[in-house]
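The values are calculated or read from the model by the stated rules, or taken from the named source; none is laboratory data. Note that the structure is predicted; figures quoted are calculated from it, not measured. Quick reminder, even Gly has a Cβ in these numbers, built from the backbone with ideal geometry, and neighbours come from all protein chains shown.
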Amino acid sequence: MELKLRSTPTSPFSRKVKIAAMVLGLDGRIVPEFANPLKPDDTLRVQNPLGKMPVLLLPDGAAVYDSVVILDYLDQLAGGGKIVPADAVARRDALTLQALGDGIMDAGILIVYEGRHRPAEKHHVPWLDYQRGKIVRALTALNEKPPPAEPNVGTIALACALGYLDWRKQVDWRAQFPTLVAWLDEFRAAVPAFDKSYAPPRD
Ligand SMILES: N[C@@H](CCC(=O)N[C@@H](CS)C(=O)NCC(=O)O)C(=O)O
């Protein structure tokens, strides 16, 4: 059963899906298909009216989004309880960490989009600082209490968020949060899919 993944190679949210698929042994079934959210006639907007990626297209015609739902779908496909823990407390914690990792990426993306979608003279620094504040507060909390470096939806999202900050440099997280630097090294060693899912930036 082939699963089509609509995304760009560098999308941090799509990287979550690629890592999850590798961890679950499902990556052989995922076929990447380039998507361009900026192109009005890209079928992405039909598959997900929000025009956002990733979208996973299933053989029965269903379009599954967003990344949270896709990761849950893949976990179920692999038998369940693997990257979405079955235990109630572990599940709660993993999903909450996923929300935090995704929130870092959402804020990071808004910072990038300010540069992409608004002319330079209209860039609003207080808005950029507001978004940066979210990222720094999240990283401060995580640096104080990093999660175990085991693969689940939460740690996968956190690793993708840190990888995204490495690329776009919205904050200089490596200088400010040494415990998270060590955490990402540990995660990379434990989850080779993180490095395997790396795609060199195109812009
Ligand atoms: N909550 C969504 C966020 C997805 C998202 O923001 N994707 C970005 C690319 S990484 C996107 O499609 N942006 C285009 C847009 O916002 O129009 C998820 O978890 O999948």
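I'd like to know if segment 3-14 contains one or more residues that are in contact (Cβ under 8 Å) with a residue 24 or more places away in the chain and of a type in the set (Phe, Trp, Tyr). Within segment 3-14 (the criterion being in contact (Cβ under 8 Å) with a residue 24 or more places away in the chain and of a type in the set (Phe, Trp, Tyr)), the answer is yes, since at least one residue qualifies.
Within segment 118-149, being within 16 Å of the ligand (Cβ to nearest atom), within 23 Å of residue 163 (Cβ to Cβ) and more than 20 Å from the chain's Cα centre (by Cα) holds for no residue. Only one entry of 72, 42, 66, 102 meets the criterion of being modelled with pLDDT of 95 or more, closer than 20 Å to residue 202 by Cβ and either surrounded by 14 or more Cβ atoms within 10 Å (Cβ to Cβ) or outside the structural domain of residue 187 (by TED's automatic domain parsing) (or both), and that entry is 42.
Contact map, segment 169-180: first residue more than 20 Å from residue 128 (Cβ to Cβ), second residue not in a helix (DSSP H, G or I), Cβ cut-off under 7 Å, separation 6 or more or different chains; pairs are 179/146; 180/146.
For segment 42-73, a residue qualifies if it is in contact with a strand residue (DSSP E or B) (Cβ under 8 Å, 6 or more places away or on another chain) and within 22 Å of residue 99 (Cβ to Cβ), and the qualifying residues are 48, 53, 54, 55, 56, 64, 65, 70, 73. Applying the set (1) in contact with a helix residue (DSSP H, G or I) (Cβ under 7 Å, 6 or more places away or on another chain); (2) touching a residue at least 12 places away in the same chain (Cβ under 8 Å) to residue 123 leaves exactly one unmet item: (2).
Within the option set 161, 141, being within 26 Å of residue 54 (Cβ to Cβ) and of a type in the set (A, V, I, L, M) holds for one residue only, 161. Contact map, segment 34-58: first residue over 14 Å from residue 15 (Cα atoms), second residue more than 9 Å from the ligand (Cβ to nearest atom) and among the hydrophobic types (A, V, I, L, M, F, W, C), Cβ cut-off under 6 Å, separation 6 or more or different chains; pairs are 47/63; 57/63.
Of all residues being more than 17 Å from the chain's Cα centre (by Cα) and either within 23 Å of residue 154 (Cα to Cα) or aliphatic (A, V, I, L, M) (or both) in segment 1-27, which is surrounded by the most Cβ atoms within 10 Å (Cβ to Cβ)? Just the residue, please. If we take residues in segment 1-27 being more than 17 Å from the chain's Cα centre (by Cα) and either within 23 Å of residue 154 (Cα to Cα) or aliphatic (A, V, I, L, M) (or both), then 3 is surrounded by the most Cβ atoms within 10 Å (Cβ to Cβ).
When the test is whether a residue is of a type outside the set (A, V, I, L, M, F, W, C) and surrounded by 13 or more Cβ atoms within 10 Å (Cβ to Cβ), residue 198 passes it.
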